[in-house]
Every structure is written in C-alpha cells, then in structure tokens.
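Before any comments, here is the structure.
The values are calculated or read from the model by the stated rules, or taken from the named source; none is laboratory data. This structure is a prediction, so every number in the text was calculated from the model and none was measured. Counting neighbours? That spans all protein chains shown, and the Cβs are built from the backbone with ideal geometry, glycine included.
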C-alpha cells in the first residue's frame, strides 16, 4: 500500500479530502440506490462475502500463480469458501445481531445469500452476476481517484 508523506498530505489536505469525498459520496449514493436505501443490508452482504472468499483470496490464489478468473471455477470456490454465521457478522460489522438476522433474511429472499443446514452463510453466484457492472464502475472510479490523488501529491 502506498504511503502519503505527512508534509504532502498537510500541504494538499483540502484538495485530497475533496477528491476522496467526491468518490465516497458518489459510491454511497450508488449503494443507497442499489439496495433501495438499505445500506445496512449492503454492509451485511459485504461482510458475508469478504468472510466467504478470504481463504480463496489470501491463501489459494497467491499459491496458485493463476489469474483469479481462471482459478475461480465453481468447484474451486465451493471447496474453498468459508461460511460464517450471524454472530460473526454482527461482531465484524458492529451491527446488532437481531438487525443482522433481519438483513440476512432479506438477502436470502433476494437470492444473494444462502444458508446451509447448520446456519452457515454464503453469498450466491447471483451476487457476482448482479454486481459485475456495479463493481466495474466502482473500480474505474477508484482508478480515476488514484490518478487524481497522484496528480495532487505530485505537485510541489
């Protein structure tokens, strides 16, 4: 991860925070619209997804030497996914357990989350299909933000 020189940060703070804020507010508006105003459901879905794919991303993928898309077959994902429970999502997110329960029920109805016989939670393949364009736009925005920030920080 890149570091920002404290003196550069102080010198350009107003513009840096403005640029970051532009991105963040636009992103939050998009999340708000995508989830019908239920940002909490978006956080719960994100926590479940991050928990599920962490072993794939942090262990399996780096060891494989392959591109993530080439390695991410249904079989490999099914074997590497780490299910979580509502308590772990509540603890990770800081969202009350009862609220997590309600949001998981909503996400199940949308087909974004499945639950196994033991209550283990996992995102479904529908999430990747549904959010693919949203994610592409988000990453494009992050790249643009990074370029703008580099431009500001490159000034003396």
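A few remarks follow.
- For the stretch 91-124, a residue qualifies if it is in contact (Cβ under 8 Å) with a residue 12 or more places away in the chain, over 15 Å from the mean Cα position of the chain (by Cα) and assigned to a helix (DSSP H, G or I), and the qualifying residues are 99, 100, 101, 103, 104, 106, 107.
- Taken as a whole, the structure leaves residue 121 outside the set of residues that are modelled with pLDDT of 95 or more, in contact with a strand residue (DSSP E or B) (Cβ under 6 Å, 6 or more places away or on another chain) and under 18 Å from residue 36 (Cα atoms).
- A single member of 65, 37, 46 is under 16 Å from residue 142 (Cβ atoms), without any contact (Cβ under 8 Å) to a residue 60 or more places away in the chain and out of contact with any helix residue (DSSP H, G or I) (no Cβ under 7 Å at 6 or more places or on another chain), and it is 46.
- If you filter the stretch 131-156 down to residues that are modelled with pLDDT of 95 or more and surrounded by 15 or more Cβ atoms within 10 Å (Cβ to Cβ), you find that the one that is farthest from residue 3 (Cα to Cα) is 131.
- One residue from 41, 69, 33, 26 being farther than 23 Å from residue 126 by Cα and in a helix (DSSP H, G or I): 26
- Residues satisfying the stated conditions in the stretch 65-82, i.e. at pLDDT below 80 and surrounded by fewer than 14 Cβ atoms within 10 Å (Cβ to Cβ): 65, 66, 67, 68, 69, 70, 73, 74, 75, 78, 79
- Residue, nearest to residue 113 (Cα to Cα), within the stretch 132-156, restricted to residues that are within 14 Å of the chain's Cα centre (by Cα) and either in contact (Cβ under 8 Å) with a residue 24 or more places away in the chain or not in a helix (DSSP H, G or I) (or both): 134
- Output for the stretch 1-49, where each listed residue is modelled with pLDDT under 95 and under 29 Å from residue 80 (Cβ atoms): 1
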